[in-house]
1. Answer yes if at least one residue in the range 80-92 is in contact with a Gly (Cβ under 9 Å, 6 or more places away or on another chain), more than 15 Å from A133 (Cα to Cα) and among the charged types (D, E, K, R), and no otherwise.
2. Which condition number does A81 fail, the rest of (1) modelled with pLDDT of 90 or more; (2) hydrophobic (A, V, I, L, M, F, W, C); (3) over 26 Å from R51 (Cα atoms); (4) touching a helix residue (DSSP H, G or I) at 6+ places or on another chain (Cβ under 8 Å) being met?
3. Enumerate the pairs (first residue in the range 114-143 and under 19 Å from V25 (Cβ atoms); second residue anywhere and part of a strand (DSSP E or B) and charged (D, E, K, R)) with beta-carbon separation below 6 Å, excluding pairs fewer than 6 apart on the same chain, so at least 6 apart or on different chains.
4. Residues of the range 116-132 being of a type outside the set (A, V, I, L, M, F, W, C) and surrounded by 10 or more Cβ atoms within 10 Å (Cβ to Cβ), which ones?
5. So, in the range 116-136, how many residues would count as being in contact with a Pro (Cβ under 8 Å, 6 or more places away or on another chain) and either outside any loop (DSSP other than H, G, I, E, B) or more than 20 Å from P44 (Cβ to Cβ) (or both)?
6. Select the helices (runs of 4 or more DSSP H) contained entirely in the range 1-100, then report the ones holding at least 1 residues which are surrounded by 14 or more Cβ atoms within 10 Å (Cβ to Cβ), among the polar types (S, T, N, Q) and under 21 Å from the mean Cα position of the chain (by Cα).
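The values are calculated or read from the model by the stated rules, or taken from the named source; none is laboratory data. On a predicted model such as this, the values are computed, not experimentally measured, just so you know. Backbone-built Cβ (ideal geometry, glycine too); neighbour counts: all protein chains shown.
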Amino acid sequence: MKQPNVADRIIGVIEWLAAISVGIVAANIFISVLLRKFFNTSIPDSYDIGRQLLGILIFWGIAATSYRGGHITVDLVWTNASARGKRLIDVFATLVLLFVVIVQTIMLFDKVRLTYNDNVLTYDLNLPTWPLAAVAWAGDVCAVVLIAIRTWRLVFHPELLEDEHADQRTQE
């Protein structure tokens, strides 16, 4: 078994952070529902914090799925392409994804900056919301890093990528 390199360790940490954010969102919802149903009370700012946590979940989820290629894809053209064509499609699609996520990351940073400058606070406890927005932005930055690693590996070291299309190749 090969030892994971630095990129593989980064990927592993990012995937774990995405998984942890799923758990935190689920726990927030579960506890809020229990408190409302059985005790007629709620966690202060659970709605505001829940919205922010959902944003964190989305952006860290993008980071986790971008590298592995685990997002929803339509492979109609890819399936009928030659091996060289499949690789070109993969590289092109990953470059487009990289461009889109870089633009998204720049725009999200602007949103974090504006939230900080405008001193946006939660409703109940008047907590600043920018730190949670910054964590979401950090997930987007991680997505850029992972997509860049994936692009590099697709172009120069495709053997280092997990073969997400292995089941389709065995049918050919």
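1. Checked the range 80-92: at least one residue is in contact with a Gly (Cβ under 9 Å, 6 or more places away or on another chain), more than 15 Å from A133 (Cα to Cα) and among the charged types (D, E, K, R).
2. Just one mismatch for A81, condition (1).
3. none
4. Once the filter is applied, which keeps residues that are of a type outside the set (A, V, I, L, M, F, W, C) and surrounded by 10 or more Cβ atoms within 10 Å (Cβ to Cβ), the range 116-132 yields Y116, D118, N119, T122, Y123, D124, P128, T129, P131.
5. 2
6. It comes to 6-39, 46-68.
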